[in-house]
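Participant: First the structure, then my questions, so here it is.
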Amino acid sequence: MSLFKKKTEERKLPRHIAIIMDGNGRWAKKRSMPRSAGHVAGAKTFKDIARYCNKIGLEYLTVYAFSTENWKRPKDEVDSIMNLLRDYLKDAENFKSDNIKVKFIGNLEPLADDIKELIKKDEDGSKNATGLKLNIAINYGGRDEITNAVKKIVASGISPDSITEQTISDNLYTSGMPDPDFIIRPSGEYRLSNYLIWQSAYAEYWFSDVLWPDFTPKHLEKAIEEYNHRHRRFGGV
Ligand code: FPP
């Protein structure tokens, strides 16, 4: 039996993995390169990992590409991330042959018009794909997402007594998706950074010192192996 076959058959996959792609800047600094070079390397890792997740049959992958707080970074760094996003979107044809369904989550309104058009094209173009469902979080913040959900719920005129947890979930960007089971954060940081804060209430977490550009399918396999030893009780016994 091939190693790949063994891996897919003998272990339980989470339904939904979410990744905080952290450490690009430090990866670049270690090499005396500009931070933007770290993001270029990080974007390559992102594509490799998304393809790998698709190959092993993962249902959902959600990656944090740009947060509502990342606008505070120097303009040239923000521009470099937006340009990488443009490159990725122009190259999105590549993902089509992989049968990956792409969705962008976050407040997309402030993005440049050409990016918004490319996003629409990418989502429309992959809407019938039946493989991995890939969510890319851009201008995403968990508190912002919950605030928007509350605004939508209030505007709908629903009576307060009818509001349930499901009402909140249904008004988030991830409406209709299963909550992430497993959150991965590389780069030695141990925090959630406003990522999927409602959805990750019962998620399992995996942290590693590896910087995102150095993250490989081997690290992912190691993480999944550990996930297989976790006992999820969801508040029960
Ligand atoms: C965090 O590392 C990373 C980001 C804020 C940007 C993530 C972007 C990419 C991986 C590339 C673009 C993505 C797509 C979808 C094309 P950091 O810069 O905070 O690293 P540091 O903590 O070492 O400074």
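Participant: Is there any pair with a first residue in segment 207-234 that is farther than 16 Å from Asn24 by Cα and a second that is among the basic types (Lys, Arg) and part of a loop (DSSP other than H, G, I, E, B) whose Cβ atoms are under 9 Å apart and which are 6 or more apart or on different chains, and what are they?
Facilitator: Note: pairs meeting the criteria are Glu221/Arg11; Ile224/Arg11; Ile224/Lys12; Glu225/Arg11; Tyr227/Arg11; Tyr227/Lys12; Asn228/Arg11; Asn228/Lys12.
Participant: Output the residue which, of all residues in segment 147-166 that are hydroxyl-bearing (Ser, Thr, Tyr) and part of a helix (DSSP H, G or I), is nearest to Asp179 (Cα to Cα).
Facilitator: Thr147
Participant: Which members of segment 77-114 meet the condition of being modelled with pLDDT under 95, under 17 Å from the mean Cα position of the chain (by Cα) and part of a helix (DSSP H, G or I)?
Facilitator: Those that are modelled with pLDDT under 95, under 17 Å from the mean Cα position of the chain (by Cα) and part of a helix (DSSP H, G or I): Tyr88, Leu89, Phe95.
Participant: Would you say Gly131 is modelled with pLDDT of 95 or more and away from the ligand (no atom under 16 Å from the Cβ)?
Facilitator: Taking the combined requirement at face value, the residue satisfies it.
Participant: Against the definition (within 25 Å of Leu132 (Cα to Cα) and either of a type outside the set (D, E, K, R) or within 10 Å of the ligand (Cβ to nearest atom) (or both)), how does Lys44 come out, yes or no?
Facilitator: Against the criterion (within 25 Å of Leu132 (Cα to Cα) and either of a type outside the set (D, E, K, R) or within 10 Å of the ligand (Cβ to nearest atom) (or both)), Lys44 qualifies.
Participant: Further question on the same structure: If the requirement is being in contact (Cβ under 8 Å) with a residue 24 or more places away in the chain and either of a type in the set (Gly, Ala, Ser) or within 22 Å of Leu192 (Cβ to Cβ) (or both), which of these qualifies: Leu89, Leu58?
Facilitator: Only one candidate passes the filter, namely Leu58.
Participant: Scan segment 121-136 for residues that are charged (D, E, K, R), assigned to a helix (DSSP H, G or I) and touching a strand residue (DSSP E or B) at 6+ places or on another chain (Cβ under 9 Å) and jot them down.
Facilitator: Listed by number, the residues that qualify are Asp122, Glu123.
Participant: It is to be established whether one or more residues within segment 6-24 are assigned to a loop (DSSP other than H, G, I, E, B) and modelled with pLDDT under 95.
Facilitator: yes
Participant: Looking at segment 169-188, I want the residues that are within 14 Å of Tyr60 (Cα to Cα) and have a partner that is of a type in the set (S, T, N, Q) and assigned to a loop (DSSP other than H, G, I, E, B) with Cβ atoms under 6 Å, at least 6 apart or on another chain. Which pairs are those?
Facilitator: Qualifying pairs under 6 Å: Thr174/Gln199; Asp179/Gln199; Pro180/Gln199; Pro180/Ser200; Ile183/Ser200.
The values are calculated or read from the model by the stated rules, or taken from the named source; none is laboratory data. Keep in mind that this is a model prediction, so the values were computed, not measured. Neighbour counts are summed over all protein chains in view; Cβ atoms, including those assigned to glycine, are modelled from backbone coordinates with ideal geometry.
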